[in-house]
Amino acid sequence: MDLRGQTALVTGASSGIGAEFSRQLAAAGADVVLVARRADRLEGLAADLAARHGVTATAISADLAAQGASEKLAGELEGRGLTIDVLVNNAGFATHGAFVDEEPARIHDEMALNVVTVVELTRLLLPGMVARRRGIVVNVASTGAFQPVPTMAVYGATKAFVLSFTEALWGELDGSGVCALALCPGATETEFFDVAGADAQVGASRQPVDEVVRIALASVEKGRPSVVTGTRNALAARLPRLLTRRSTIRLTQRVMAS
């Protein structure tokens, strides 16, 4: 892929997978628009990327879980004269614990960020890509998309939505010049567990974040609708196809409790 002269928007860009996407896209010559809540981190990363790679790096602080945030961001992009060629919908978080004990407001924000923002930003920015017959949409799902996840019920369900939605887009966009990819990482070296809680770690080994992003960009180039990063994760994602639904739920429940 030749990304020189293109502009990439990355949500959740202040850390983890989002920050790494920003680094690798900038290294490939793309200008980057970094969006997240933490303005100080965004501005530091933007300055570093501009100095290191000679690209234009724009930091926009926004709470994308807030109502109307997607439309507000799209308006700001238009006001700044920014045309988005690559959209990376990475912003999201997980809650961990029995659903009956979860805080309703927190669940609402989780669904808003993980699902609603992904759909809205894609809908707002995709028409321009289709009109130009060039563009990339990467939506970050999870290995949690492949089976129900007791104690992370809402998170798993939101990522199942992202996977299904993105693969459907991939089909609709065939021949348009625009590609869509659902990225499904397993446990990764990010701040994910700091937000979800240490109890959500289930002893999983974590994949380096730079490896996850490299796999994602290679999969875009290959035109894949989705990718699970890492051999062990890919095998685990296929396992539910071999089991009954009840067995899958019980197995996942034991894993989450370990």
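The values are calculated or read from the model by the stated rules, or taken from the named source; none is laboratory data. Quick caveat: nothing in here was measured; it's all calculated off a predicted structure. Glycine also receives a Cβ, built like all others from the backbone with ideal geometry; neighbour counts cover every protein chain displayed.
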I'd like to check something: does region 103-125 contain any residue that is outside any helix (DSSP H, G or I) and among the charged types (D, E, K, R)?
yes
Residues being of a type in the set (S, T, N, Q), modelled with pLDDT under 95 and surrounded by 15 or more Cβ atoms within 10 Å (Cβ to Cβ): count how many of those fall in region 228-254.
3
Residue 81 versus (1) surrounded by fewer than 21 Cβ atoms within 10 Å (Cβ to Cβ); (2) in contact (Cβ under 8 Å) with a residue 40 or more places away in the chain; (3) outside any helix (DSSP H, G or I): which is the lone unmet condition?
(2)
Consider residue 257 against the criteria (1) under 20 Å from residue 146 (Cα atoms); (2) surrounded by 19 or more Cβ atoms within 10 Å (Cβ to Cβ); (3) at pLDDT below 95: it satisfies all of them except one. Which criterion is unmet?
(2)
In region 154-179, which residues are within 15 Å of residue 223 (Cα to Cα), among the hydrophobic types (A, V, I, L, M, F, W, C) and in a helix (DSSP H, G or I)?
168, 169, 170
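Which residues, counting only those in region 134-190, are polar (S, T, N, Q) and either closer than 18 Å to residue 10 by Cβ or within 16 Å of the chain's Cα centre (by Cα) (or both)?
Going through region 134-190, the residues polar (S, T, N, Q) turn out to be 139, 142-143, 147, 151, 158, 164, 166, 176, 188, 190.
If the condition is that a residue be polar (S, T, N, Q) and either closer than 18 Å to residue 10 by Cβ or within 16 Å of the chain's Cα centre (by Cα) (or both), then 139, 142, 143, 158, 164, 166, 188, 190 are the ones that fit.
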Within region 204-258, residues in contact with a strand residue (DSSP E or B) (Cβ under 9 Å, 6 or more places away or on another chain) and outside any helix (DSSP H, G or I) come out as 206, 207, 208, 223, 224, 225, 226, 227, 228, 229, 230
Here is a check on your reading of the model: is residue 59 in a helix (DSSP H, G or I) and either modelled with pLDDT under 95 or more than 17 Å from the chain's Cα centre (by Cα) (or both)?
no
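Conditions tested, residue by residue: (1) more than 21 Å from residue 185 (Cα to Cα); (2) of a type in the set (S, T, N, Q); (3) buried (at least 23 other Cβ atoms within 10 Å of the Cβ).
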residue	(1), (2), (3)
36	no, no, yes
39	yes, no, no
54	yes, no, no
62	yes, no, no
65	yes, no, no
87	no, no, yes
106	yes, no, no
109	yes, no, no
112	no, no, no
Identify the single condition in (1) of a type in the set (D, E, K, R); (2) under 18 Å from the mean Cα position of the chain (by Cα); (3) closer than 17 Å to residue 12 by Cα that residue 72 does not satisfy, given that it satisfies every other one.
(2)
For region 210-226, name all the residues that are surrounded by 21 or more Cβ atoms within 10 Å (Cβ to Cβ) and within 13 Å of residue 141 (Cβ to Cβ).
212, 216
